[in-house]
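The values are calculated or read from the model by the stated rules, or taken from the named source; none is laboratory data. None of the values given here were measured: they were computed from a predicted structure. Cβ: placed from backbone, ideal geometry, glycine included. Neighbour counts: every protein chain shown.
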Amino acid sequence: MTFGGFPPARQLLGDLGMVAEVASDSEARVRTRVTPHITAADGGVRAGVLATLVDIVGGAVAARVLQPDWMATADLTLQVVRPAVGPWVEARGTVLRRGRTTLVIEALVFEVTEDGSDLGGAHEGPTPVAWATMTFAVLKTKNPASSIQMASDFPIRWAFNGDGFDTSITDAVAMSVVDAAGGRVSLPVGEYVFNSFGAVQGGVIALLAEVAAAEALGAARGSGISMVVTDLQVSYLALGRVGPIVTRATVLDAGGEGSGSAVVELLDEGAGGRLTTVVNVGATPVGVPAAAVS
Amino acid sequence: MSDGLQDRTVDRRRHVSEYFRLERWEIPPAPGVDAPSELGGRAPVDAHQRGPGGGLRTGGLLTSVDSLGGFLCGLAVQPEWIVTTSMMATISQLKHRGPLRLHGRVLRRGRNSVVAGLDVVDEGNGDLPVAAATVACAVLDPGAMVLEFERPFTTPMVPLNPDAPAPEVFFCIEPGVGPVTRLELAGHLRNPWGILHGGAAAVLADVAACRAVQAEPARANGGVTGARVARAPERIREPTRKVAASDTVLHYLRPARVGPVEARCQVLGSRAGRAVVRVAIHDVGAEDRLVTLASVVVLDV
């Protein structure tokens, strides 16, 4: 499925190999294979990748619910319950509320098999590895006739096809750490990370904030401790179109008693340093004896 | 309610924030600068409002964040007004000396919505960061509501009431059956629109999530539990596990007008003393509709 030429031939979602299914007017599923290229220091899928997954599933539901109107993600929250090790992870999105100007969607993320079947014993239901909520701003179409025409028969299935990664996802998007202690990370802007608006997609923004916070918190703790992000609260304020998108992080608590937290601001440097996003981040250390993480 | 609070003649603009004794002051932009005002606030940490984490319990902190953030957004859109649609808070300190100082600024003002960012520091502990929060509001026609303020706007901190009840009593919160916690929608818990105050929903989510985690079987530190909804229709036994609500997200989906209000919890999982709880708040008297969805991270303390 493409939306007015989106996604282009080589695009992040294709390299993630996302497989999508819209089951009804209010439910969708999107899954991706877990590989070492998308995991964090604890072996679980990066929070930013999970955010990308839930943003896509939310968008799939929203596009269906809102047609002929369109939408933009206004906020996204994600809580990682435990490391998501796969073999695949699947986000399942449902509508919580449709209002005149906003749509609120909830998504649970599960570990599944390649065909989307649940893992786990026969006597227990699947347990989520992460939980997310999203608010979408409704963008009224001026010309319904020009809107995207969607299939009417369920389920609707499609896949984003690509070559996969031969390096980490952060290298694939050409993210670079400028100053770890300050949480300064830079992302060049281009088609590979664009959404259907021609701006950096919300999941990549979350990934950038994840990396910035983990770097800043890790530097604040010192001693080679890696921080794994478990909580993301993303407020999208403006589109990041020009680039590079740069971050700055403020550490609230380096995690002396275990978990740490930081606030990351993202600015579109090429657009006069405009503030595009504010992200509150929670993280936990890895490589620390369990008794020290209480 | 047994203390007669519901019978008081209350100023709905202030009653809930006055319980937490929130002082607020507007910080206008510099002369000639076209920017919305910022807002400062200060809230003491009174003994009866401290939670198991040692500081102001998170629901109380979020009430002040909602009061300050909502008002800030409202000032930015006058003569229109706002209603809070979501609140996201990362809590970095559960122990507070107090008072807490808040500062809010408008991050984005759109045609239909306003977003504010707030920082909270522990003024009594060297301005140690306590929380960072984002409040999103929808812009509304205020209708007949009176919105006359002296500008720059200020409200002083009200004196401590030595007989002030504990938050559970003030917010009319009582244990329900199983993983359910109930709130009676008393008059003093309604905001100027006549609906459940966003802060009251935050306190309910805090109390309910902590109760749900306390009802979980004790796990060794580092253990993992899966999603569970207590199925047995029994009251949660006397808690022995000390927990406190931390990072919280609230989506205010619909107004709660009728009551009683029920918070239904699902512990999605836990590890290393950190549990993620889904709290669905329903207005039982309004065909049981879902009014607020919250995610609350509950920590062992």
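Between B:Val249, B:Val298, B:Val277, the distinction of being in contact (Cβ under 8 Å) with a residue 24 or more places away in the chain, in a strand (DSSP E or B) and more than 10 Å from chain A (Cβ to nearest Cβ) belongs to B:Val298 only. Among the residues of segment B:78-97, the one identified as modelled with pLDDT of 95 or more and over 27 Å from A:Gln79 (Cα atoms) is B:Arg97. Considering every residue within segment A:80-102, establish whether at least one is within 14 Å of the chain's Cα centre (by Cα) and among the hydroxyl-bearing types (Ser, Thr, Tyr). No, because not a single residue in segment A:80-102 is within 14 Å of the chain's Cα centre (by Cα) and among the hydroxyl-bearing types (Ser, Thr, Tyr). If the condition is being over 19 Å from the mean Cα position of the chain (by Cα) and at negative phi, then segment B:159-194 contributes B:Pro159, B:Leu160, B:Asn161, B:Pro162, B:Asp163, B:Gly176, B:Val177, B:Pro179.
In segment A:221-232, is there at least one residue being modelled with pLDDT of 95 or more, more than 17 Å from A:Leu50 (Cβ to Cβ), hydrophobic (A, V, I, L, M, F, W, C) and surrounded by 19 or more Cβ atoms within 10 Å (Cβ to Cβ)? No, segment A:221-232 has no match at all. Any residue in segment A:106-117 that is within 20 Å of B:Asn112 (Cα to Cα), touching a strand residue (DSSP E or B) at 6+ places or on another chain (Cβ under 6 Å) and either without any contact (Cβ under 8 Å) to a residue 60 or more places away in the chain or more than 14 Å from chain B (Cβ to nearest Cβ) (or both)? Within segment A:106-117, none of the residues are within 20 Å of B:Asn112 (Cα to Cα), touching a strand residue (DSSP E or B) at 6+ places or on another chain (Cβ under 6 Å) and either without any contact (Cβ under 8 Å) to a residue 60 or more places away in the chain or more than 14 Å from chain B (Cβ to nearest Cβ) (or both).
Table: residues versus (1) outside any loop (DSSP other than H, G, I, E, B); (2) at positive phi; (3) crowded, with 23+ Cβ neighbours inside 10 Å.
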residue	(1), (2), (3)
A:Asn161	no, no, no
A:Thr170	yes, no, no
A:Val204	yes, no, yes
A:Leu208	yes, no, yes
A:Ala212	yes, no, yes
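Counting only strands (runs of 3 or more DSSP E) that sit wholly inside segment B:76-176, those with at least 2 residues that are surrounded by fewer than 24 Cβ atoms within 10 Å (Cβ to Cβ) and acidic (Asp, Glu) are B:113-122. Can you tell me which of B:Val65, B:Val45 is within 14 Å of chain A (Cβ to nearest Cβ) and either at pLDDT 95 or above or farther than 28 Å from A:Thr101 by Cβ (or both)? Being within 14 Å of chain A (Cβ to nearest Cβ) and either at pLDDT 95 or above or farther than 28 Å from A:Thr101 by Cβ (or both) holds for just one of B:Val65, B:Val45, which is B:Val65. Scanning segment A:171-190 for residues that are under 15 Å from the mean Cα position of the chain (by Cα) and modelled with pLDDT of 95 or more turns up at least one hit. Inspect all residues belonging to segment B:197-209 and state whether any of them is under 21 Å from B:Arg50 (Cα atoms), outside any loop (DSSP other than H, G, I, E, B), among the β-branched types (Val, Ile, Thr) and in contact with a Phe, Trp or Tyr (Cβ under 7 Å, 6 or more places away or on another chain). Looking for residues that are under 21 Å from B:Arg50 (Cα atoms), outside any loop (DSSP other than H, G, I, E, B), among the β-branched types (Val, Ile, Thr) and in contact with a Phe, Trp or Tyr (Cβ under 7 Å, 6 or more places away or on another chain), one finds at least one in segment B:197-209, hence yes. Looking across segment B:252-274 at every residue that is outside any strand (DSSP E or B) and touching a Ser or Thr at 6+ places or on another chain (Cβ under 9 Å), the one that is surrounded by the most Cβ atoms within 10 Å (Cβ to Cβ) is identified as B:Ala256.
Among the residues making up segment B:188-206, those that are buried (at least 24 other Cβ atoms within 10 Å of the Cβ) and not charged (D, E, K, R) are B:Leu189, B:Leu196, B:His197, B:Gly198, B:Gly199, B:Ala200, B:Ala201, B:Ala202, B:Val203, B:Leu204, B:Ala205.
Counting only residues that are in contact (Cβ under 8 Å) with a residue 24 or more places away in the chain, surrounded by fewer than 23 Cβ atoms within 10 Å (Cβ to Cβ) and more than 10 Å from chain B (Cβ to nearest Cβ), segment A:236-275 holds 11 of them.
Residue by residue, here is whether (1) in the same structural domain as A:Pro83 (by TED's automatic domain parsing); (2) surrounded by 19 or more Cβ atoms within 10 Å (Cβ to Cβ); (3) free of Cβ contacts under 8 Å to residues at least 24 places away in the same chain holds:
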{"position": "A:Ala9", "(1), (2), (3)": "yes, no, yes"}
{"position": "A:Ser26", "(1), (2), (3)": "yes, no, no"}
{"position": "A:Val34", "(1), (2), (3)": "yes, yes, no"}
{"position": "A:Ile38", "(1), (2), (3)": "yes, yes, no"}
{"position": "A:Gly48", "(1), (2), (3)": "yes, yes, no"}
{"position": "A:Gly58", "(1), (2), (3)": "yes, yes, no"}
{"position": "A:Asp69", "(1), (2), (3)": "yes, no, no"}
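The set of residues in segment B:260-274 that are at pLDDT below 95 and either more than 9 Å from chain A (Cβ to nearest Cβ) or touching a helix residue (DSSP H, G or I) at 6+ places or on another chain (Cβ under 8 Å) (or both) comprises B:Ser270, B:Ala272, B:Gly273. All conditions in (1) closer than 30 Å to B:Thr85 by Cβ; (2) hydroxyl-bearing (Ser, Thr, Tyr); (3) in a strand (DSSP E or B) hold for A:Ser196, with the sole exception of (3). Just checking, does segment A:116-128 include any residue being over 20 Å from A:Gly282 (Cβ atoms), touching a Gly at 6+ places or on another chain (Cβ under 6 Å) and hydroxyl-bearing (Ser, Thr, Tyr)? The answer is yes; a qualifying residue exists. Quick one: how many residues across segment B:68-99 are more than 14 Å from every other protein chain (Cβ to nearest Cβ) and under 22 Å from B:His48 (Cα atoms)? The number of residues fulfilling the criteria is 4. Determine whether segment B:38-55 contains at least one residue that is under 16 Å from the mean Cα position of the chain (by Cα) and under 20 Å from B:Tyr252 (Cα atoms). No, because not a single residue in segment B:38-55 is under 16 Å from the mean Cα position of the chain (by Cα) and under 20 Å from B:Tyr252 (Cα atoms). Residues that are assigned to a strand (DSSP E or B) and either over 20 Å from the mean Cα position of the chain (by Cα) or outside the structural domain of A:Ala209 (by TED's automatic domain parsing) (or both) within segment A:261-275 comprise just one, A:Arg274.
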